[in-house]
Amino acid sequence: DTLINQIAAGEVVERPASVVKELVENALDAGARRIDIDLEDGGIRLIRIRDDGGGIDASELPLAVQRHATSKIASIDDLESVATLGFRGEALPSVASVSRFRLTSRRSGSEHGALLQVDGGKVGEVTPHAHPPGTTVEVRDLFYNVPARRKFLRAERTELSHIEEWLRTLALARPDVELRVAHNGKPSRRWKGEAQLQEGTMLSDVRLHEALGEDFTRNALRVDHDGAGMRLHGWIAQPAYNRASSDQQYLYVNGRSVRDRNVSHAIRQAYADVLFHGRHPAYVLFLELDPRGVDVNVHPAKHEVRFRESRLVHDFVYRTLHQALAETRA
Ligand code: ADP
Ligand code: MG
């Protein structure tokens, strides 16, 4: 079983950033409002994610680290309309098979917390452990028992920057959640939550500014359009801010950050037709559609989706942006 989990880990866990992604997504699925992320050595030595979400009952801790045990869908039909970020039940067992892993949790409403330790896939006993309502997952010494993978890890700075880039991607999509990051014991980044918000400001605007800076914000065109059963909203940069490279392109489908050639083609094409050829638009765009129209179970890491009607999606995105951009030129 450990071996199978380690093999699965090859698909889900590439580097510290993928661990952070899976654990933070679990925290979001559990309804967390605040997530604390502690890292050491770019996450190679330690990743500790603590949330104030719903928690896990002591009796269910062993299930959480068991392969294909997910509490998020009950049958394959539920996959058609999955609303959570996770659904495969692979992340925790995979991560726990290639690290020294501790899962501590207390269900809200429960009097006591509990701890389950897993060492390189060897699952220990559940023991009582003090913890506020919510969950802490601690991952030490990633790939310590898989030298062939460990040697692919890069320098601390590189791994840290992958984590930071992923957190930026997340922070743009979830301005409602406060995120605090510390590296080697020092606070390194804080994405403010509602509690720190000044009156009259929108959290999404604050996040945009913090994530992409003054220049982008000043030149960003706000888009929000419904049609054909879909909604596209967010920001696309105007001509003054076009890029020489394709960085700063954030696309989300039903709240999930994805790479999709079909949609990015539509965006690029609209931009090129109205404005420039050969330049790259910067954007933060959210596409919402009926979950039944999109398959999120294309790859274990869930970076990709497949649209049932990709032509329709392409045309909707293209027309929405073409019109929005054309209006600014008129
Ligand atoms: P998935 O997210 O696909 O269900 P995971 O392996 O990531 O699978 O997590 C397994 C299960 O452990 C989840 O279905 C959930 O019930 C529980 N779990 C994991 N992390 C948390 C968390 N931070 N808070 C509450 N429950 C969690
Ligand atoms: Mg998960």
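The values are calculated or read from the model by the stated rules, or taken from the named source; none is laboratory data. Given the structure is predicted, the values throughout are model-derived calculations rather than measurements. Note that we place each Cβ from the backbone using ideal geometry, even for glycine, and neighbour counts take in every protein chain shown.
Residues that are part of a loop (DSSP other than H, G, I, E, B), under 26 Å from Leu167 (Cα atoms), at pLDDT 85 or above and not acidic (Asp, Glu): does the stretch 81-100 have at least one?
yes
Taking the residues in the stretch 48-68 that are surrounded by 15 or more Cβ atoms within 10 Å (Cβ to Cβ) and of a type in the set (Gly, Ala, Ser) as candidates, determine which candidate is nearest to ligand 2 (Cβ to nearest atom).
Ala64
In the stretch 267-288, is there at least one residue being of a type in the set (Asp, Glu), part of a loop (DSSP other than H, G, I, E, B) and modelled with pLDDT of 90 or more?
Scanning the stretch 267-288, I find no residue that is of a type in the set (Asp, Glu), part of a loop (DSSP other than H, G, I, E, B) and modelled with pLDDT of 90 or more, so the answer is no.
Would you check if there is a residue in the stretch 103-124 being of a type in the set (Ser, Thr, Tyr) and under 30 Å from Arg308 (Cβ atoms)?
Scanning the stretch 103-124, I find no residue that is of a type in the set (Ser, Thr, Tyr) and under 30 Å from Arg308 (Cβ atoms), so the answer is no.
Being buried (at least 18 other Cβ atoms within 10 Å of the Cβ), aliphatic (A, V, I, L, M) and farther than 22 Å from Val181 by Cα: is that true of Ile163 here?
Criteria not met by Ile163.
Name the strands (runs of 3 or more DSSP E) wholly inside the stretch 115-228 in which the number of residues that are within 16 Å of ligand 1 (Cβ to nearest atom) and not charged (D, E, K, R) is 2 or more.
Ranges flagged: 134-140.
For the stretch 40-92, name all the residues that are within 8 Å of ligand 1 (Cβ to nearest atom) and among the charged types (D, E, K, R).
The answer is Asp51, Glu60, Lys72, Arg88, Glu90.
I need every pair where a residue in the stretch 106-128 that is on the phi > 0 side of the Ramachandran plot has its Cβ under 9 Å from the Cβ of a residue that is of a type in the set (Val, Ile, Thr), sequence separation at least 6 or different chains.
Listed by first residue and then by second, the contacts come to Gly120/Thr2; Gly120/Val98; Gly120/Val146; Gly121/Thr2; Gly121/Val98.
For residues in the stretch 69-80 being exposed (fewer than 12 other Cβ atoms within 10 Å of the Cβ) and in a loop (DSSP other than H, G, I, E, B), which is farthest from ligand 2 (Cβ to nearest atom)?
Ser75
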